[in-house]
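The values are calculated or read from the model by the stated rules, or taken from the named source; none is laboratory data. As the structure is a computational prediction, the values presented were derived from the model and not from experiment. So basically every Cβ, Gly included, is an ideal-geometry build from the backbone, and we count neighbours across all protein chains shown.
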Amino acid sequence: MWDYTDKVKEYFKNPKNVGEIENADGTGQVGSLVCGDALRLTIKVDRKTEKISDAKFQTFGCASAIASSSILTEMIKGKTLAEASKITNADIASELGSLPEEKMHCSVMGMEALEAAVKSYRAGGKPIVFEEDESAKIVCKCFNVSEETIVKAIRANNLKTVDDVTHFTKAGGACGRCKPDIQKIIDKVYSCETPAAQTGKIPFGQMTVVGKIKAVEAVLEEYVRPKLNMDGGSVELVDIEGGTVKVRLLGACRGCASSGGTIKMLVERALKEKVSNDIKVEQVI
Amino acid sequence: MKKVIYLDNNATTMTAPEVVAEMLPYFSEKYGNPSSMHAFGGENKHAVEAARKKVANLIGAQYADEIIFTGSGSEADNTAIMSAVNSFPNKKHIITSAVEHPAVLEVFKNLQSKGWRVDYIGVDKFGVFDMETFRSVITKNTALVSVMWANSETGTIFPVKEIADIAKQNNALFHTDAVQAVGKIPVSAEDSGIDMMSFSAHKIHGSKGIGGLYVKRGTRFLPLILGGHQEKGKRAGTENVPSIVGFGKAAEMAAARVKDISKIEALRDKLERALVEKIPDAKVNGDQRNRLPNTSNISFGYVEGESILLHLDEYGICASSGSACTSGSLEPSHVLRAMCVDFSFAHGSVRFSLSDKTTEAEIDFVIEKLPGIIEKLRKISPFGRNHAK
């Protein structure tokens with residue numbers, strides 16, 4: 001049982017500002033059903049003063065996610081966008097008294113939704129989903145967390161250990177394979193090192209057929225199959241045509257509702273990162 | 001304390017007052033060590049052996065000396081697996097299922113990291129064991145097959161006898177984690193061709209901190225805990241006499257109870273039927289044709305499990321969830337994921353596990369309160385609109 005403060009319990013049981021503002025001036029979304037928590041924040045903004053006159057939320061998630069979302073709407077009402085943008089996840093957590101360490105990512109979600117909502121207002125009000133930049137270097141593939149997000153969380157909250165980073169950003173919380181990378185990021189932040197130069201990779205198109213098969217098979221074996229095996233599934237390489245790698249999912253993965261996601265999030269990501277950025281993966285049924 | 005409606009009996013059960021009564025004398029009156037040469041302690045050995053007989057009877061062991069008392073079901077699992085792999089050091093292949101309790105799964109993962117080849121047999125969307133794959137991966141080089149008797153989260157029952165037969169044909173040892181099955185359905189280790197079987201007292205109204213491992217006579221065995229002759233050298237450490245005595249009483253009561261599981265099954269079915277009927281987008285997880293009679297695992301789409309549990313807690317209703325948020329991990333239950341339960345449903349799963357002490361009035365109370373809770377949470381959820389469509 002989590003040790004929630006009375007304020008968290010109160011905002012969970014009787015959340016304030018539930019719902020959606022009609023014709024909102026800004027709509028920010030973060031998270032998804034897959035991630036296990038999601039927040040949709042709508043704000044009404046006075047054009048002249050840029051003051052937030054109203055804010056409402058909808059949240060899918062645990063008690064601390066609901067409480068964090070609700071108290072965030074309370075905190076930003078009456079503030080200008082500039083003032084509201086200064087709110088950090090630590091502010092949200094301290095407004096609630098505190099949050100269990102493992103639940104700090106709920107407050108980060110609030111901060112990210114707010115960032116997206118402000119961006120949405122600036123972009124004319126069309127809803128914006130908070131996401132990592134296309135160019136961002138994704139460290140945690142399970143929860144799609146970038147190095148930038150991790151560095152930000154480390155600096156803002158003075159995080160020292162990999163567990164800290166997981167509690168605040170979710171990074172490393174699923175398969176755990178990125179934990180060594182997170183440790184390196186922590187070391188880097190505290191030692192102010194410059195990032196090491198990327199090792200050069202041969203573009204996939206320039207590899208020989210045998211080279212392609214070997215490289216792809218090696219990555220599947222080392223990074224992909226162990227993960228799928230845990231869920232009772234596996235993957236086999238069927239063919240390689242140009243830059244397109246064709247694979248078949250096996251066992252429990254076959255026909256699984258999230259097989260499309262498995263291909264994109266797991267197989268393609270691994271091959272892009274470990275072999276070459278220009279690889280496309282296709283599923284053969 | 002407010003009234004508690006306890007529907008989390010797969011997590012633990014109330015220690016029955018009859019069990020406590022039998023245990024009590026062994027704390028401050030008959031506190032001697034069964035290994036002692038004086039009668040004051042030595043007599044306690046008889047109490048331990050009497051309990052062993054009762055436990056052997058409950059699990060269908062042919063001989064009482066096939067029962068080793070351990071500190072927990074988890075210890076029994078660890079002991080069985082490590083004994084098997086250490087007894088057959090030349091066989092580097094072991095098999096389990098993808099939906100085991102962590103006390104099995106984590107040991108397999110650990111062995112995998114040390115060089116053992118591991119196959120995790122999957123399940124279908126109802127949680128049914130993939131027998132075909134199992135048959136295709138087992139070889140003469142397989143040291144151990146460890147597959148649970150019944151799943152703790154969904155209650156789905158695995159065909160352990162069939163699995164044990166196939167293991168035997170391949171000269172592999174067969175271990176089953178029967179912690180959830182024992183006391184809930186009739187089990188017989190002897191008749192099912194099982195080599196080793198784990199079980200625990202606190203799931204059958206015994207006390208916490210005492211479990212047991214059945215090791216069939218003639219099975220190669222190496223102890224996990226060294227340093228004493230207790231349990232015939234199979235598990236060192238002074239016997240937990242009060243808990244063992246309590247375990248015996250609990251086993252005796254369970255053996256009588258397990259003959260009629262229809263009452264508990266009827267209450268479970270009533271709860272399940274009513275909730276699925278009253279609440280849209282509610283689905284039962286698990287094999288409804290072949291389940292423990294006390295377990296119901298229901299997913300409520302588009303809401304998150306921890307939130308449901310905390311609202312239930314307001315009414316004193318105790319249940320558990322396979323949602324990520326409840327466990328402190330960030331992923332939903334490995335059991336539901338292995339069953340390919342959609343994420344929108346996996347996060348909103350609630351497990352109700354009844355006991356013989358559950359009353360119809362309690363079930364009716366849950367049926368009355370839960371629909372409102374789900375409705376309230378769906379109103380807050382951004383995915384509620386999908387639901388309304």
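Can you name the residue in the stretch A:241-277 that is of a type in the set (Val, Ile, Thr) and in contact (Cβ under 8 Å) with a residue 40 or more places away in the chain and, of all such residues, is nearest to the other protein chains (Cβ to nearest Cβ)? That would be A:Val267. Restricting attention to the stretch A:136-159, the residues being part of a helix (DSSP H, G or I), closer than 23 Å to A:Leu266 by Cα and of a type in the set (D, E, K, R) number 2.
Residues in the stretch B:75-107 that are in a strand (DSSP E or B) and either of a type in the set (Ser, Thr, Tyr) or not assigned by TED's automatic domain parsing to the domain that holds B:Lys216 (or both): B:Thr96, B:Ser97. Out of curiosity, is A:Asp54 in contact (Cβ under 8 Å) with a residue 40 or more places away in the chain and of a type in the set (D, E, K, R)? Taking the combined requirement at face value, the residue does not satisfy it.
Considering the stretch A:208-240, and only residues there that are of a type in the set (Ser, Thr, Tyr) and away from chain B (no Cβ under 14 Å), the residue that is farthest from B:Tyr120 (Cα to Cα) turns out to be A:Thr208. Close Cβ contacts (under 7 Å, 6 or more residues apart or on different chains) running from residues in the stretch A:60-76 that are more than 9 Å from every other protein chain (Cβ to nearest Cβ) to residues that are small (Gly, Ala, Ser) comprise A:Ser68/A:Ser107; A:Ser68/A:Gly110; A:Leu72/A:Gly110; A:Thr73/A:Ala55; A:Ile76/A:Ala55; A:Ile76/A:Ala84.
Please list, ordered by residue number, the helices (runs of 4 or more DSSP H) wholly in the stretch B:255-329 having 3 or more residues that are farther than 21 Å from B:Thr359 by Cβ and assigned by TED's automatic domain parsing to the domain that holds B:Ile367. Show your work before the answer.
Working: elements: B:262-278, B:305-314, B:324-327.
Where helices (runs of 4 or more DSSP H) fall fully within the stretch B:255-329 and carry at least 3 residues being farther than 21 Å from B:Thr359 by Cβ and assigned by TED's automatic domain parsing to the domain that holds B:Ile367, they are B:305-314, B:324-327.
Output yes when any residue across the stretch B:65-87 is more than 19 Å from B:Gly211 (Cβ to Cβ), more than 14 Å from chain A (Cβ to nearest Cβ) and surrounded by 19 or more Cβ atoms within 10 Å (Cβ to Cβ), and no when none is. Within the stretch B:65-87, one or more residues are more than 19 Å from B:Gly211 (Cβ to Cβ), more than 14 Å from chain A (Cβ to nearest Cβ) and surrounded by 19 or more Cβ atoms within 10 Å (Cβ to Cβ). A count restricted to the stretch B:28-55 and to residues that are in a helix (DSSP H, G or I) and touching a residue at least 12 places away in the same chain (Cβ under 8 Å) stands at 10. Considering only residues in the stretch A:122-133 that are outside any loop (DSSP other than H, G, I, E, B) and in contact with a helix residue (DSSP H, G or I) (Cβ under 7 Å, 6 or more places away or on another chain), the one that is nearest to the other protein chains (Cβ to nearest Cβ) turns out to be A:Val129. Here is the figure for the stretch B:205-224: residues that are touching a residue at least 60 places away in the same chain (Cβ under 8 Å) and part of a loop (DSSP other than H, G, I, E, B) total 13. Would a scan of the stretch A:105-121 turn up a residue that is more than 14 Å from every other protein chain (Cβ to nearest Cβ) and aromatic (Phe, Trp, Tyr)? Scanning the stretch A:105-121 turns up at least one residue that is more than 14 Å from every other protein chain (Cβ to nearest Cβ) and aromatic (Phe, Trp, Tyr).
If you check B:Ile317 against the conditions, is it at pLDDT 95 or above, within 13 Å of chain A (Cβ to nearest Cβ) and surrounded by 20 or more Cβ atoms within 10 Å (Cβ to Cβ)?
Numbers: at pLDDT 95 or above: yes; within 13 Å of chain A (Cβ to nearest Cβ): no; surrounded by 20 or more Cβ atoms within 10 Å (Cβ to Cβ): yes.
Considered against the rule, which asks whether it is at pLDDT 95 or above, within 13 Å of chain A (Cβ to nearest Cβ) and surrounded by 20 or more Cβ atoms within 10 Å (Cβ to Cβ), B:Ile317 comes out as no.
Among the residues examined, A:Ile92 qualifies as farther than 24 Å from A:Lys126 by Cα, β-branched (Val, Ile, Thr) and away from chain B (no Cβ under 14 Å).
When B:Thr142 is tested against (1) surrounded by fewer than 18 Cβ atoms within 10 Å (Cβ to Cβ); (2) more than 14 Å from chain A (Cβ to nearest Cβ), just one condition goes unmet, and that condition is (1). Within the stretch B:122-138, restricting attention to residues that are more than 11 Å from chain A (Cβ to nearest Cβ) and of a type in the set (A, V, I, L, M), the residue that is nearest to B:Ile94 (Cα to Cα) is B:Ile138. Taking each residue of the stretch B:333-357 that is more than 14 Å from every other protein chain (Cβ to nearest Cβ) and under 17 Å from B:Ile298 (Cβ atoms) and looking for partners that are among the β-branched types (Val, Ile, Thr) and part of a helix (DSSP H, G or I) with beta-carbon atoms closer than 7 Å, six or more apart or interchain, yields B:Leu354/B:Ile264.
Within the stretch B:92-121, the set of residues being within 12 Å of chain A (Cβ to nearest Cβ) and charged (D, E, K, R) comprises B:Glu100, B:Glu106, B:Lys109, B:Arg117, B:Asp119.
Looking only at the stretch A:116-143, residues that are in contact (Cβ under 8 Å) with a residue 24 or more places away in the chain and in contact with a strand residue (DSSP E or B) (Cβ under 7 Å, 6 or more places away or on another chain) come to 13 in all. Tell me yes or no: at least one residue of the stretch B:176-184 is assigned by TED's automatic domain parsing to the domain that holds B:Asn90, in contact with a Phe, Trp or Tyr (Cβ under 6 Å, 6 or more places away or on another chain), surrounded by fewer than 24 Cβ atoms within 10 Å (Cβ to Cβ) and at pLDDT 95 or above. Taking every residue of the stretch B:176-184 in turn, none turns out to be assigned by TED's automatic domain parsing to the domain that holds B:Asn90, in contact with a Phe, Trp or Tyr (Cβ under 6 Å, 6 or more places away or on another chain), surrounded by fewer than 24 Cβ atoms within 10 Å (Cβ to Cβ) and at pLDDT 95 or above.
Being farther than 17 Å from B:Ala338 by Cα and buried (at least 18 other Cβ atoms within 10 Å of the Cβ) is true for just one of B:Val107, B:Val137, B:Val99. Which residue is that?
Details: B:Val137 fails: buried (at least 18 other Cβ atoms within 10 Å of the Cβ); B:Val99 fails: farther than 17 Å from B:Ala338 by Cα.
Exactly one of B:Val107, B:Val137, B:Val99 is farther than 17 Å from B:Ala338 by Cα and buried (at least 18 other Cβ atoms within 10 Å of the Cβ), namely B:Val107.
Residue check: B:Ser307 meets all listed conditions (1) of a type in the set (Gly, Ala, Ser); (2) within 14 Å of chain A (Cβ to nearest Cβ); (3) touching a Ser or Thr at 6+ places or on another chain (Cβ under 8 Å) but one, namely (3).
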